[in-house]
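The values are calculated or read from the model by the stated rules, or taken from the named source; none is laboratory data. Values in this document were obtained by computation on a predicted structure and should not be read as measured data. Cβ placement follows ideal geometry from the backbone for every residue including glycine, while neighbour counts extend to all protein chains displayed.
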Amino acid sequence: MKQDFLDYIKNTFDFNETEFKNFKEHLEKPLKKSFRINTNKISIDNFKKLVKRNDWELTESNFWKNMFYIDRTTDLKIPLGSTFEHIMWLIYIQEVAASSSPFFMSWDIIDNDQYLILDMSSSPGWKTTQLSEYYPNSLIVANEFDKPRIKQLFTNIERMWCDNIGVTNYDWRFFKSLPELFDKVLLDAPCSGEWTCYKWTDAIKFWNAKNIKSIAKLQFWLLESALITCKVWWEIVFSTCTLNKIENEWVLKKFYKKYWNIIETIKIDNEETKRLWPHTDKTWWFFITKIRKIASVDKASKQMPEPKNTIEKLSSRETKTVLRFLEENFDLDIKNYFFYKHNSEIYISKHNFWEYFNKLFFFKVWVKIWELTDIFTPCFNLWVIFDLQKNVYNIDETSEKINSEIDRYLKAYDLENKTALKKGYIAIKYKNTPAWLAEIQGENIKNLLPTKYARK
Ligand SMILES: C[S@@+](CC[C@H](N)C(=O)[O-])C[C@H]1O[C@@H](n2cnc3c(N)ncnc32)[C@H](O)[C@@H]1O
């Protein structure tokens, strides 16, 4: 660990020797594993029943009822990412501190009102997918500036089956041209990455005040953009996973100085800002603050950029094909859903994105259910949230040992067709928990699970 960093922490936060020793010791300890239960796929109670079989001990975290620490005693040879629960998308491995910004945005309440929420720098999507759950009737705009990082965001949104997220790929400057559009803005800002010292002990060797100052400047600009695009009387949550005050307090000090008549603080636990510490909060470190916008910013550019959306409505023929498929195969009559088309993909959502298409260019909206190639091909995760009764094949083995039916299924191998059906699609369940769609081909059940999601 770089000595400059340790000295900085000790001096800046006035630690006494005992506290500092405690802090340092915690940096050397691995963080306790934690995850969120994907309540779009399984209830917390059913999940707890399910994991009893492998003796998982779950401890609720201080943040959010969906978020648990896990202790394992029996299946330690299987990495958490290869467990049935992870491959079936029942959990999302996430550090507890990283759940705190959505937690404080919503005060841990599922808010059923409709908002337009911007997650300004969203990849890999820890907080975006969490916002989707806290605000189920809102539209979450997940922006990520760094194109290569968007892929991971797509995967995580798909894994969590969040159907109220649209992904955009804008630079921070863009949001200045959309004054007072969003009700809530989360700026989980790019930062100097001090936290990575948990992963690679020498990552902090590049830690120096000059680097940090340039990142602090970027954070200030992003915050300005967040302020402009936020509606008056609404709020911004600003968070970073750094401890130093150059990125956090100093950025805010400059911000409050410039916008003193435009913003006010919303206190968290009676404090203007909140910091999480490894040695007291049993998380990695984190910084968070909430800001209310109380007046317009004069300087906002009023010029609206031309949206170039490529997302279209389905033709009535395409809509009929989708609906007929669902009805014929699964007796599913879908009402109150919207369908969208982008390139060769079809998405479904309970949410109406159309009104925003003249303002924002969405890369994708969720959830993808279909590929439009020469023929219609339903996507493997098409029915995840629908409780199907017809054409369901339940794998009901007690063991997940190597080469068992469920092990083969999770490895994306085809299965032997033990059903009376000879063609069509079938919904797979394991222990009555929905898995995915599969295609019956005579004696074979063709596994549609993409190998990128499969057990290695
Ligand atoms: C702390 S990470 C976000 C983590 C994410 N909110 C989550 O919870 O999964 C910061 C993000 O800011 C993005 N970023 C970097 N430079 C940026 C810029 N100039 N404008 C907007 N976003 C930027 C990075 O690509 C990164 O994805």
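I395: touching a Lys or Arg at 6+ places or on another chain (Cβ under 8 Å) and within 18 Å of H86 (Cα to Cα), yes or no?
Considered against the rule, which asks whether it is touching a Lys or Arg at 6+ places or on another chain (Cβ under 8 Å) and within 18 Å of H86 (Cα to Cα), I395 comes out as yes.
Which residues, counting only those in the range 159-183, are within 14 Å of the ligand (Cβ to nearest atom) and under 14 Å from V141 (Cβ atoms)?
The answer is C162, I165, V167, T168, N169, Y170, W172, F174, F175.
Could you give every pair whose Cβ atoms fall below 8 Å, whose first residue belongs to the range 235-254 and is assigned by TED's automatic domain parsing to the domain that holds K267 and in a helix (DSSP H, G or I), and whose second residue is of a type in the set (V, I, T) and away from the ligand (no atom under 11 Å from the Cβ), counting only separations of at least 6 or pairs across chains?
E249/T273; L252/T273; L252/T289
Consider K49 carefully, then state whether it is free of Cβ contacts under 8 Å to residues at least 12 places away in the same chain and not in a loop (DSSP other than H, G, I, E, B).
yes
Condition test on N143, is it touching a Phe, Trp or Tyr at 6+ places or on another chain (Cβ under 9 Å) and farther than 18 Å from C230 by Cβ?
no
Output the residues belonging to the range 60-107 that are part of a helix (DSSP H, G or I) and under 22 Å from S121 (Cα atoms). Walk me through how you get there before you give the answer.
Keep residues of the range 60-107 that are part of a helix (DSSP H, G or I), which gives 80-82, 84-87, 97-106.
Those that are part of a helix (DSSP H, G or I) and under 22 Å from S121 (Cα atoms): A97, A98, S99, S100, S101, P102, F103, F104, M105, S106.
Go through the range 139-151 and count every residue that is more than 6 Å from the ligand (Cβ to nearest atom) and not in a helix (DSSP H, G or I).
Within the range 139-151, residues that are more than 6 Å from the ligand (Cβ to nearest atom) and not in a helix (DSSP H, G or I) number 5.
I'd like to verify a number: residues in the range 122-138 that are more than 10 Å from the ligand (Cβ to nearest atom) and either within 22 Å of E180 (Cα to Cα) or more than 11 Å from the chain's Cα centre (by Cα) (or both), how many?
Here is the first cut: in the range 122-138, the ones more than 10 Å from the ligand (Cβ to nearest atom) are 132-138.
Filter once more, keeping what is either within 22 Å of E180 (Cα to Cα) or more than 11 Å from the chain's Cα centre (by Cα) (or both): 132, 134-138.
Here the count works out to 6.
What residue, among those in the range 212-226 that are more than 15 Å from V237 (Cβ to Cβ) and more than 10 Å from the ligand (Cβ to nearest atom), is surrounded by the fewest Cβ atoms within 10 Å (Cβ to Cβ)?
Initial filter on the range 212-226 (more than 15 Å from V237 (Cβ to Cβ)): 212-218, 220-221, 224.
Remaining after also requiring more than 10 Å from the ligand (Cβ to nearest atom): 212-214, 216-217, 220, 224.
On the way: I212: 20, K213: 13, S214: 9, A216: 23, K217: 13, F220: 18, E224: 20.
My answer is S214.
Assigned to a helix (DSSP H, G or I), crowded, with 19+ Cβ neighbours inside 10 Å and not hydroxyl-bearing (S, T, Y): does that describe I426?
Considered against the rule, which asks whether it is assigned to a helix (DSSP H, G or I), crowded, with 19+ Cβ neighbours inside 10 Å and not hydroxyl-bearing (S, T, Y), I426 comes out as no.
Would you mind stating whether F104 is within 16 Å of the ligand (Cβ to nearest atom), out of contact with any helix residue (DSSP H, G or I) (no Cβ under 8 Å at 6 or more places or on another chain) and either closer than 30 Å to K350 by Cα or not assigned by TED's automatic domain parsing to the domain that holds D183 (or both)?
Spelling it out, F104 is indeed within 16 Å of the ligand (Cβ to nearest atom), out of contact with any helix residue (DSSP H, G or I) (no Cβ under 8 Å at 6 or more places or on another chain) and either closer than 30 Å to K350 by Cα or not assigned by TED's automatic domain parsing to the domain that holds D183 (or both).
If D119 passes every condition in (1) closer than 23 Å to Y453 by Cα; (2) within 11 Å of the ligand (Cβ to nearest atom); (3) at pLDDT 90 or above but one, which one does it miss?
Answer for D119: the failing condition is (1).
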